[in-house]
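Colleague: One structure is given below, represented as C-alpha cells, and several questions about it will come after.
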Amino acid sequence: GRVAMDQVVLDVGDARVHAGADAVLWGAGGADVDAWSTAARVPAPLLQAFVGPRVGAIVEDVVADAAGMESLGRRLAGILGAGDVVVLTGALGAGKTTLTRGIGDGLGAVGTVQSPTFVIARTHRTATVPLLHVDAYRLGDEAELDDLDLDVDASITIAEWGLPLVHAVDAWLHVEIERTVGGGVDDDADDVDEPRTVRLTGHGDRWPASRLLAFARETA
C-alpha cells in the first residue's frame, strides 16, 4: 500500500471489493490495535484517540439562556490571545453581543461592551490584550474594512456579522448562534432567555482540532 496525503491506497489483489465497502483497520474482523501499536511503535491509546492538525473540528452545545451565553463567553475568553479573530454569525437577537459581553468580562475589559453598530469598531482595554469589537453588518466589502485600519494582529478581535472579514485573515474561529424565532415581542432583543444552539468551527493554523477539543473538555 501507499500513504499519500490524506489517502491510503491499497492493492487488494483479486479480492472482491466494491465501492463504499468498509475497511476494518482494527477491532472486530480486523487486527488487534496492540499489533498496530507494536508495528508502528506508537502507544495504542494515541492511535485510537489522536486527532491530527489537518482534521477539522466542530464543537456544538445548547445554551439555556442569556446568563449561560455570557458564561460561555467568559470560558471562551480563557483560550483567546493576541491575533485571534472570532467571527460571530446568527439572526438578530441570537446573542452575539451577549456572548461578546461575556468574553469582555472574562478578559477584564474596561467599559461597557455593547454592539458598536454606529461606530463599527470599538477597542476596549484589558489587563493583557486589547479587545477589538467590530460590527461588520454595514461593511460592504474588504476595502471598507481596510479603511478602518484595525490592528487585528495585536488584538483579540470579535466581529459580529463578521463573514466579510474572513478573506482578510488567515485564521478565525466561527461561532454560529441559532435561536428560536417568533418567541414574542422581544424577538430582536439579544438577551432573550430562550435556548440557543452554539456551534464553534476553527479555520486555519491557529485553530487546530486539538485547541477546540481541549476547550470542549474544559467546558463539559
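The values are calculated or read from the model by the stated rules, or taken from the named source; none is laboratory data. Computed from a predicted structure; not experimentally measured. Please note: Cβ atoms are built from the backbone with ideal geometry, for glycine as well, and neighbour counts cover all protein chains shown. Accessible surface areas use protein heavy atoms only, side chains included; no ligands, DNA or RNA. Shrake-Rupley method; radii C 1.70, N 1.55, O 1.52, S 1.80 Å.
Colleague: Being modelled with pLDDT under 80, surrounded by fewer than 17 Cβ atoms within 10 Å (Cβ to Cβ) and either of a type in the set (S, T, N, Q) or within 11 Å of Val86 (Cα to Cα) (or both) is true for just one of Thr128, Thr219, Thr197. Which residue is that?
Modeller: After ruling out the rest, the residue left standing is Thr219.
Colleague: Check off (1) more than 29 Å from Arg199 (Cβ to Cβ); (2) touching a strand residue (DSSP E or B) at 6+ places or on another chain (Cβ under 8 Å); (3) at pLDDT below 85 for Gly56 and give me the number that stays unchecked.
Modeller: Here Gly56 meets the rest and fails (1).
Colleague: Residues of the stretch 100-114 being surrounded by 15 or more Cβ atoms within 10 Å (Cβ to Cβ) and either over 19 Å from Asp151 (Cα atoms) or modelled with pLDDT of 90 or more (or both), which ones?
Modeller: Within the stretch 100-114, Thr100, Arg101, Gly102, Ile103, Gly104, Asp105, Gly106, Leu107, Ala109 qualify.
Colleague: What are the pairs with Cβ atoms under 6 angstrom where one residue, in the stretch 191-216, is under 20 Å from Ala168 (Cα atoms) and the other, located anywhere, is in a loop (DSSP other than H, G, I, E, B) and at pLDDT below 85? Sequence gap at least six, or different chains.
Modeller: What qualifies is Pro208/Pro53.
Colleague: Only residues that are open to solvent by 90 Å² or more (accessible area, probe 1.4 Å) and under 23 Å from Gly56 (Cα atoms): list them for the stretch 6-22, please.
Modeller: Selection gives Asp6, Gln7, Val8, Asp22.
Colleague: For Ala39, state whether it is loosely packed, with under 10 Cβ neighbours inside 10 Å, farther than 30 Å from Pro195 by Cβ, modelled with pLDDT of 80 or more and hydrophobic (A, V, I, L, M, F, W, C).
Modeller: Spelling it out, Ala39 is indeed loosely packed, with under 10 Cβ neighbours inside 10 Å, farther than 30 Å from Pro195 by Cβ, modelled with pLDDT of 80 or more and hydrophobic (A, V, I, L, M, F, W, C).
Colleague: How many residues are open to solvent by less than 10 Å² (accessible area, probe 1.4 Å) and either outside any loop (DSSP other than H, G, I, E, B) or not aliphatic (A, V, I, L, M) (or both) when one looks only at the stretch 84-99?
Modeller: So the answer is 10.
Conditions tested, residue by residue: (1) over 13 Å from Thr157 (Cβ atoms); (2) over 16 Å from the mean Cα position of the chain (by Cα); (3) of a type outside the set (Asp, Glu).
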residue	(1), (2), (3)
Arg74	yes, no, yes
Val86	no, no, yes
Gly90	yes, no, yes
Thr97	yes, yes, yes
Arg101	yes, yes, yes
Asp105	yes, yes, no
Gly111	yes, yes, yes
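Colleague: Can you tell me which of (1) of a type in the set (A, V, I, L, M); (2) over 26 Å from Leu213 (Cβ atoms); (3) at pLDDT 85 or above is the one Val119 doesn't meet?
Modeller: (3)
Colleague: When residues of the stretch 23-36 are filtered for being surrounded by 11 or more Cβ atoms within 10 Å (Cβ to Cβ), in contact with a strand residue (DSSP E or B) (Cβ under 8 Å, 6 or more places away or on another chain) and under 25 Å from Ser210 (Cβ atoms), how many remain?
Modeller: 2
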